[in-house]
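The values are calculated or read from the model by the stated rules, or taken from the named source; none is laboratory data. Everything numeric here is computed off the predicted structure, so don't read it as measured data. Methodologically, a virtual Cβ is constructed for each residue, glycine included, from the backbone with ideal geometry; neighbour enumeration extends over all protein chains shown. For accessibility, only protein heavy atoms count, side chains too; no ligands or nucleic acids. Shrake-Rupley method; radii C 1.70, N 1.55, O 1.52, S 1.80 Å.
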Amino acid sequence: MIPIARPDIGPEEIAAVTDVLSSGMIAQGKRVAELESRWAEFCGVKHAVAFSNGTTALMSIFEGLGLGPGDEVITVSHTFAATANAILYTGATPVFIDIEPDTYLIDAARIEAAITPRTRAIVPVHLFGLVADMEMIGAIADRHGLAVVEDACQAHGATYRGRKAGSFGHGAFSLYATKNMTTGEGGLATTNDDRLADWLRLYRNQGMRTRYAFEILGFNYRMTDINAALGLVQLAKLERNTERRRALASAYDEAFADLPLTVPVTPPGRTHVYHQYTIDVGPERDAILAELREAGVGADVYYPLPVHRQAYIMERGLHADLPVTDAAAGRTIALPMHPGLAPDEQATVIAAVREIVARHAATSTSPVAAVESVAR
């Protein structure tokens, strides 16, 4: 089976981790500090704070902003559940709005209609490696005095008009094993807010600035130097690996140009880092997916059951009418996308997609027409 993702781990990562293990200083230390400094510089922000994972980074940002019961946060349902879970963690309520049919990102034109006196923040998700419309989102946030928290967990190095993901508001990144760069498990929060950065460093360290002096209620959300050593090597590889992802995406685009499916779009002024390469294959998606897997292609669906349709969300009465989100959940497939995808492996994927999609084409509705009709 050709895997949908494969970490790019080599002798450099092994040597970096071995060096930390040999030092005997393996908890949060100088390598964590170095990773934070380099990530802040990479993103173009004042502060980066390392966490045990992307979820705790996002949870901690929301807690640091003072969100609580009665507050509302506007976000999307077409995302991993951690986006909503991190909001619920504070006692605040996620308010789901629909996505754009071509980018699968938050439809910024729908945001203002969802704002109420209880709204405290907007959380765009830079899904699959593409940054949301941060110009419109930032303008709306400024007009209404709202915080912007970027769920950039899939968008390492993606840009909007020359600015990197995580630099528009407060950002959260995941460094999970399959992300564009990894520490095995880990996360990073970015911000230009000095107060928030200081609070985040306390909060992730049991509320301590100095040992046994607890200034605030905090928890252990620290990253280890083992993880950070791995992350530093991964960061050095990130731009090279991003270019490889873009080359793979370009090859897919060209190979699928004549098929009745839609490929990822990159609006003007943005760069895509292709955490996932997601195609809309129409209402025959499930049958196509099963046949791709039978052909040895490790394709998958992100995300088959949107967050607003998860049982624990519906039990909380958080209902939403999101037809474009539902369409995306029922029609899209993610194909293998990682820097180590060999030419013969991609050729196998392309051949399988072409044969299987073409065979289903006679009974399939045009993906673009169907999704656009839903959007209207």
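Observations
- For region 76-91, a residue qualifies if it is of a type in the set (S, T, N, Q) and buried (at least 24 other Cβ atoms within 10 Å of the Cβ), and the qualifying residues are 77, 79, 83.
- Residue in region 233-246 that is part of a loop (DSSP other than H, G, I, E, B) and modelled with pLDDT of 95 or more present: no
- Residue 224 vs. criteria at pLDDT 95 or above, farther than 30 Å from residue 163 by Cβ and crowded, with 20+ Cβ neighbours inside 10 Å: yes
- Any hit, region 108-126, residues being under 18 Å from the mean Cα position of the chain (by Cα) and in contact (Cβ under 8 Å) with a residue 60 or more places away in the chain: no
- Contact annotation: residue pairs with Cβ atoms under 7 Å, 6 or more positions apart or on different chains, pairing a residue in region 194-222 that is in contact (Cβ under 8 Å) with a residue 40 or more places away in the chain with a partner that is β-branched (Val, Ile, Thr), are 197/49; 197/191; 200/49; 201/49; 203/216; 204/49; 221/56.
- Failed condition for residue 46, given (1) more than 30 Å from residue 321 (Cβ to Cβ); (2) charged (D, E, K, R); (3) open to solvent by less than 10 Å² (accessible area, probe 1.4 Å): (3)
- Scanning region 194-238 for residues that are among the β-branched types (Val, Ile, Thr) and in contact with an Asp or Glu (Cβ under 6 Å, 6 or more places away or on another chain) turns up just one, 233.
- Candidates are the residues of region 241-270 that are open to solvent by 60 Å² or more (accessible area, probe 1.4 Å) and without any contact (Cβ under 8 Å) to a residue 24 or more places away in the chain; the one that is farthest from residue 11 (Cα to Cα) is 258.
- Candidate set: region 1-41, residues that are β-branched (Val, Ile, Thr) and under 30 Å from residue 346 (Cα atoms); chosen: the one farthest from the chain's Cα centre (by Cα): 14
- Across region 168-203, the number of residues qualifying as within 13 Å of the chain's Cα centre (by Cα), under 18 Å from residue 59 (Cβ atoms) and among the β-branched types (Val, Ile, Thr) comes to 0.
- Test result for residue 38, touching a Gly at 6+ places or on another chain (Cβ under 7 Å) and basic (Lys, Arg): no
- Test: residue in region 73-80 that is in contact with a Gly (Cβ under 6 Å, 6 or more places away or on another chain) and of a type in the set (Phe, Trp, Tyr): no
- Residue 298 meets the conditions (1) crowded, with 21+ Cβ neighbours inside 10 Å; (2) more than 14 Å from residue 129 (Cβ to Cβ) in every case but one. The failed one is (1).
- Candidate set from region 128-150 (those that are of a type in the set (Asp, Glu) and open to solvent by 10 Å² or more (accessible area, probe 1.4 Å)); member that is nearest to residue 300 (Cα to Cα): 133
- Region 50-66 - residue that is crowded, with 24+ Cβ neighbours inside 10 Å and hydrophobic (A, V, I, L, M, F, W, C) and, of those, nearest to residue 206 (Cα to Cα): 51
- Given (1) surrounded by fewer than 24 Cβ atoms within 10 Å (Cβ to Cβ); (2) touching a Ser or Thr at 6+ places or on another chain (Cβ under 7 Å); (3) assigned to a loop (DSSP other than H, G, I, E, B), number of the condition residue 179 does not satisfy: (2)
- Output for region 276-287, where each listed residue is closer than 27 Å to residue 177 by Cα and open to solvent by less than 10 Å² (accessible area, probe 1.4 Å): 277, 278, 279, 280
- Close Cβ contacts (under 7 Å, 6 or more residues apart or on different chains) running from residues in region 26-48 that are in a helix (DSSP H, G or I) to residues that are open to solvent by 70 Å² or more (accessible area, probe 1.4 Å) comprise 40/46.
- Filter result for residue 327 (out of contact with any Cys (no Cβ under 7 Å at 6 or more places or on another chain), open to solvent by 10 Å² or more (accessible area, probe 1.4 Å), more than 22 Å from residue 272 (Cβ to Cβ) and not β-branched (Val, Ile, Thr)): no
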